[in-house]
Structures are given as structure tokens and as C-alpha cells.
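The values are calculated or read from the model by the stated rules, or taken from the named source; none is laboratory data. This one's a predicted model, so the numbers in the text were calculated from it and none came from an experiment. No Cβ is skipped: glycine too gets one built from the backbone with ideal geometry, and neighbour counts run over all protein chains shown. In case anyone asks, the SASA skips ligands and DNA or RNA and just uses the protein heavy atoms, side chains included. Shrake-Rupley method; radii C 1.70, N 1.55, O 1.52, S 1.80 Å.
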Amino acid sequence: MRVKIKAIKNPSPDAPSAVGSEVVIKGWVRSIRNQKTFAFIDVNDGSTLSGLQVVVDAKMPNYATLINDITTGTSVAVKGTLVESAGKNQTVELQAKEVNIMGKCDATVYPLQKKRHSFEFLRTITHLRPRTNTLGAVARVRNALAFATHRFFQERDFLYVNTPIITGSDCEGAGELFRVTTIDPATPPKKEDKKVDYGKDFFEKPTYLTVSGQLNGEIYACALSDIYTFGPTFRAENSNTSRHLAEFWMIEPEMAFADLNDNMDNAEAFLKYVLNAVMEECSEDMAFFDKYISPGLIERLRHVAETPFERASYTFAIRILEKSNKSFEYPIEWGSDLQSEHERYLAEEYYGKPVMLYDWPKKIKPFYMRQNDDNKTVAAMDVLVPKIGEIVGGSQREERFDILRERMKTTGLSEEEYWWYLELRKYGTVPHSGYGVGFERLVQFVTGLENIRETIPFPRYPGKAEF
Ligand code: 4AD
Ligand code: MG
């Protein structure tokens, strides 16, 4: 029976992995060293960062062929006995009894070698990059973060709700939508005014890939109290930055009977929970990121997990930025949106830890955020973290019918389009709040990677939808 290398490295009481037991492992060869009377083969099956050392005795009948045919990238099945290892990197190794080559790998053309490759180069071979240490570790950390996310909300009785991917609404109102259509661009049906007639399209109206599941999430929160979504979202913003993707995953909790403070409390608890989970469950991978990607990472994350986040109003943050004497590329004054450089100054330099900024100018925020009594700000909050900047964005929602309708009017939203959103405020309205966590930004924060394109298996960004 095949055993995963992880089970051999972290033996559980009932696993057939103790020294002396016979196992079969299957995986890909990372390296082979021929020592004349025997050979060491480093096999990795993706279940852990470090592979298992296989020792092949030169007396094995097909030894010469094996040594000749096994190269980096070859897939193998090895049957053998687990023995104590004298090597300093491992406690056990596999003494091979049978080695079968499953798929050869031509070393003269195989692009992955035992040296470091640049992330830019690895993106051109996205089909092979999960076989590298870094991308493999990212995949395991990402998996642990996703699982911890579900655990956090499930433990608190939040229902997991799936919201639609195809939608007619622009939740954030930023106009960064990818259109979904079955209309043939060569022969589109036209209206009298010569504009394309989307009434004749598949859904008989204009439709897009969703930028956020929030509006649909609110429907379920206003019936079932606490819910969360966790799904793909899409933004056609042409930002070629290290923090933006055109397709990314968002975690969006929505809570009925919750105000902005409850919202911030939940977001802080969530971030701390998943950080602790990943440090405990992925310790080998995290030590790797700490050593090779971002020195001091674990110490920084532990600090984040252990200390209370700072909370400050947007107005206060603007004062800090104005007084900072830094020459920012983008000037800052009350009313303008924060750029990445401002966010990072606040989280990295001024506070040296995550900071939650609340009460933002109404003018720069979407229609659904609850208006404060000053008539100038809304009950919005962003969580800014060192190195990344904004990682979470959320708000208390406007639950008052008249005020919401007025706000929709001034922001140019059609009442007919969003009739159902307004009706939630007509029938048993409640204060409610929620936020969105950019999942890839979370992975980036946890791994310390420079570019968000390494945090998702198949990144989509301007000019790139291969693989
Ligand atoms: O701040 P945003 O736009 O908020 C919303 O969409 C709300 N509807 C969420 C809610 O209240 N339910 O996006 C939320 C988060 C950001 O803080 C950021 O982490 C991430 O999503 N994000 C992106 N991540 C990667 N690439 C992009 N292009 C992103 N745009 C936003
Ligand atoms: Mg935002």
C-alpha cells in the first residue's frame, strides 16, 4: 500500500511508518547521487516540503539502468523498509527493495533543475512550478488557511453560503466589470440607437462576473443571522501591481445585529485565528518562508497574532500622514483615498502592526455603507497590515430605507435594478455588518512573498490567462 511521505515523517500511532516497517512510496525525484556502492534518491510527493531519502544498493539487479534513467523530475514507486538514518537532515530513510520508474524525465530539456529559479521564470512554466519548494509550500499554506477559515466561521455558527458568480450588479460601483455574454461580437443585435441590445442576450440583460458576493450575502444574513461566502471574484482593473489580480478569492462574512465595532472585533479575531492555525499546522513550510523568502517572518506573524490591533479613524490617520514629513508620491488630504504607500507607512512605520481605520469619507466609498451622523463619513473599516497594506475592507450597511434610497439616487444606481436590496430595508430591517478578506493578500501576508502572483495556483492579470 502506498504511504504518503507526510505520514512517514509525522507518524500517527496506527500508521505503518515506524522504523522496520515495509512501505511503498510514490513521487517525483528531486535529486540523485550515485556513491558507487549505493545511490541516494531524494523523492518528494508534495505531502511535505522535505522529501524522503531512498537508499538503493548497487547490488540491486537493475541498478545500472536505474542510475542511468533516474533524473530530476522522474516519477518513481519505491518499495522498501524504513530504517534509521545517519544523515543529519532526517531521522528515517527508505532502504529500497524495488524501484520502479513510472515516467522518465529527459534531463536535457526539463526546465526545473536543483538550482533557484526566478519567480518570473516559474510563471512561464506554471504547469511545473508546483513541483518547486516555494510553490509547493504556498499550496499547502493556502490549503491550511482555507480550511482554518471554514473552521473559524463554523465554530461560531456562521453558515457557508454560495453566492452567484454571474451577476447583474456592480457591488463596489467601481465599473471594473468583466462582461458575460453569448452575443457574437461580429454580429451583435442592435437597438434603434445603434447600441448593442443586451435584451437579446442570454440573460436578457447585461451581466458580469461578480466583484463581490456581499449584496447576496446580505440577503442571507437578513434571514439566517451570520453567514459567510468564500469564492472567486473578478476585477477588470488594469493595475499591474504586486497586490492585484484580475481573479481572486474573497472571504465575506455578513452578520445581522452587528455594528462596526462588532465587525472589527470579528475581523481581528479571524486574522489571529488563521495565523495561529497556519503557524501550528504548517511549521515546516513556515520555517522555509522565514529562512528563504522573508527573514523574521514567523516572529512578525507571532507579534501580529499576540498584540491587539490598533484602531484609528480615517481623519486621525490623515493627520498622522500630514505630519509625517514623508514625501509621498501621491499627496494626501482629507477626502482622498489612501494609496498603498500611505497604508504601508501607517501599518509598517507609524504603528508597526495592523491598524484598522474606520469612518471614511462618504464620497470615496460605495453606496451601501451606513452614513454617520456627521453626514460626511460612513461606517467603513479597512484593515491595513505591514508589507501588504489593505487586506480587509468592510462596513456597517445602511439599513435605513429612506437614507439608502437617497444615497442610491446620488450615486446613480437605479432603484428598479436594486429593488430587492431596498426591500430588505422595508421588511424587518436590522443593523448588519460585514467585510471582505482578499484571500491571496492573506496568503501573501502569511508567506512573505513579494508578489501576489505566486499566491494563487493560476494567476490572472492583464495580458495573462494561460494555463
Ligand atoms: O475592499 P473591497 O473592494 O471590498 C468589497 O468588495 C466588499 N464588498 C467586501 C465586503 O464588505 N463584503 O475588497 C475586499 C478585499 C480587499 O481588502 C483586498 O484584500 C481584496 O479584497 N482585493 C483584492 N485582492 C487581490 N486583487 C484585487 N484586484 C483585489 N481587490 C480587492
Ligand atoms: Mg477596499
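Within segment 183-206, which residues are under 15 Å from Gly168 (Cα atoms) and surrounded by fewer than 12 Cβ atoms within 10 Å (Cβ to Cβ)?
Gly199, Glu204, Lys205
Pairs, please: C-beta under 9 Å, at least 6 apart or cross-chain, first residue farther than 30 Å from Arg243 by Cα and in segment 416-437, second within 16 Å of ligand 2 (Cβ to nearest atom) and in a strand (DSSP E or B)?
Listed pairs, sorted by first residue: Pro431/Gln396; Pro431/Arg397.
Among Ala246, Ala256, Ala269, which is modelled with pLDDT of 95 or more and exposed (fewer than 15 other Cβ atoms within 10 Å of the Cβ)?
Numbers: Ala246 fails: exposed (fewer than 15 other Cβ atoms within 10 Å of the Cβ); Ala256 fails: exposed (fewer than 15 other Cβ atoms within 10 Å of the Cβ).
Answer to the check: Ala269.
Taking segment 207-221, which residues are crowded, with 20+ Cβ neighbours inside 10 Å and of a type outside the set (Ser, Thr, Tyr)?
Val211, Gly213, Gln214, Leu215, Asn216, Gly217, Glu218, Ala221
Which residue out of Asp170, Asp193 is within 16 Å of ligand 2 (Cβ to nearest atom) and farther than 30 Å from Leu301 by Cα? Explain how you work it out, then say what you get.
Working: Asp193 fails: within 16 Å of ligand 2 (Cβ to nearest atom).
Matching residue, one of Asp170, Asp193: Asp170.
Sort out for me the helices (runs of 4 or more DSSP H) sitting completely within segment 252-341 that have 1 or more residues that are under 29 Å from Ser212 (Cβ atoms). Show your work before the answer.
On the way: elements: 260-281, 283-288, 297-306, 314-323.
By residue number, 260-281, 297-306, 314-323.
In the set Gly173, Gly217, Gly231, which member is small (Gly, Ala, Ser), within 23 Å of Ala380 (Cα to Cα), part of a loop (DSSP other than H, G, I, E, B) and touching a residue at least 24 places away in the same chain (Cβ under 8 Å)?
Gly173
Within segment 337-381, track down each residue that is among the small types (Gly, Ala, Ser), crowded, with 19+ Cβ neighbours inside 10 Å and closer than 24 Å to Leu301 by Cα. Spell out the reasoning first.
Step one: of segment 337-381, the residues among the small types (Gly, Ala, Ser) are 340, 347, 352, 379-380.
Those left that are additionally crowded, with 19+ Cβ neighbours inside 10 Å: 347, 379-380.
Within segment 337-381, Ala347 is the sole residue that qualifies.
When you check Arg151 against the structure, is it loosely packed, with under 14 Cβ neighbours inside 10 Å, under 24 Å from Thr233 (Cβ atoms) and in contact (Cβ under 8 Å) with a residue 12 or more places away in the chain, yes or no?
Working: loosely packed, with under 14 Cβ neighbours inside 10 Å: yes; under 24 Å from Thr233 (Cβ atoms): yes; in contact (Cβ under 8 Å) with a residue 12 or more places away in the chain: yes.
Yes; evaluated as a whole, the condition is true for this residue.
Can you find even one residue in segment 188-210 that is among the polar types (S, T, N, Q) and within 11 Å of ligand 1 (Cβ to nearest atom)? I'd like the intermediate steps shown before the answer.
Of all residues in segment 188-210, those among the polar types (S, T, N, Q) come to 207, 210.
From what is left, the residues that are within 11 Å of ligand 1 (Cβ to nearest atom) are 210.
Yes, because at least one residue in segment 188-210 is among the polar types (S, T, N, Q) and within 11 Å of ligand 1 (Cβ to nearest atom).
May I ask you to list the residues in segment 240-263 that are free of Cβ contacts under 8 Å to residues at least 60 places away in the same chain and either within 16 Å of ligand 2 (Cβ to nearest atom) or within 19 Å of the chain's Cα centre (by Cα) (or both)? First the steps, then the outcome.
Let us first name the residues in segment 240-263 that are free of Cβ contacts under 8 Å to residues at least 60 places away in the same chain, namely 261.
Result: no residue meets the conditions.
Considering each residue of segment 223-241, count those that are modelled with pLDDT of 95 or more, open to solvent by 30 Å² or more (accessible area, probe 1.4 Å) and of a type in the set (Ser, Thr, Tyr), and give that number.
Result for segment 223-241: 1.
Quickly run through segment 414-450 and pick out the residues that are open to solvent by 30 Å² or more (accessible area, probe 1.4 Å) and either over 22 Å from Thr167 (Cα atoms) or within 16 Å of ligand 2 (Cβ to nearest atom) (or both).
Within segment 414-450, Lys426, Tyr427, Gly428, Thr429, Pro431, Arg441, Glu450 meet the criteria.
What pairs come up if the first residue lies in segment 36-51 and is among the aromatic types (Phe, Trp, Tyr), the second is open to solvent by 10 Å² or more (accessible area, probe 1.4 Å) and part of a loop (DSSP other than H, G, I, E, B), and their beta carbons are under 8 Å apart, counting only those six or more places apart or on different chains?
From residues that are among the aromatic types (Phe, Trp, Tyr), the pairs are Phe38/Ala58.
Going through Tyr351, Tyr345, Tyr368, Tyr358 one at a time, which residue ends up being within 15 Å of ligand 2 (Cβ to nearest atom) and over 23 Å from Lys409 (Cα atoms)?
Values: Tyr351 fails: within 15 Å of ligand 2 (Cβ to nearest atom); Tyr345 fails: within 15 Å of ligand 2 (Cβ to nearest atom); Tyr368 fails: over 23 Å from Lys409 (Cα atoms).
After applying the criteria, what remains is Tyr358.
Among the residues in segment 382-392, are any over 20 Å from Leu260 (Cα atoms), open to solvent by 20 Å² or more (accessible area, probe 1.4 Å) and touching a residue at least 12 places away in the same chain (Cβ under 8 Å)?
Yes, segment 382-392 has at least one match.
Being within 18 Å of Phe119 (Cβ to Cβ) and surrounded by fewer than 16 Cβ atoms within 10 Å (Cβ to Cβ) is the filter here; which residues of segment 286-309 pass it?
Lys291, Tyr292, Pro295, listed by residue number.
Can you give me the number of residues within segment 225-277 that are over 25 Å from Pro431 (Cα atoms) and among the aliphatic types (A, V, I, L, M)? Don't jump to the end; show me each part of the working.
Start the filter on segment 225-277 by keeping residues that are over 25 Å from Pro431 (Cα atoms), which leaves 232-249, 272-277.
In the following step, the residues that additionally are among the aliphatic types (A, V, I, L, M) were identified as 236, 245-246, 274-275, 277.
Counting residues in segment 225-277 that are over 25 Å from Pro431 (Cα atoms) and among the aliphatic types (A, V, I, L, M) gives 6.
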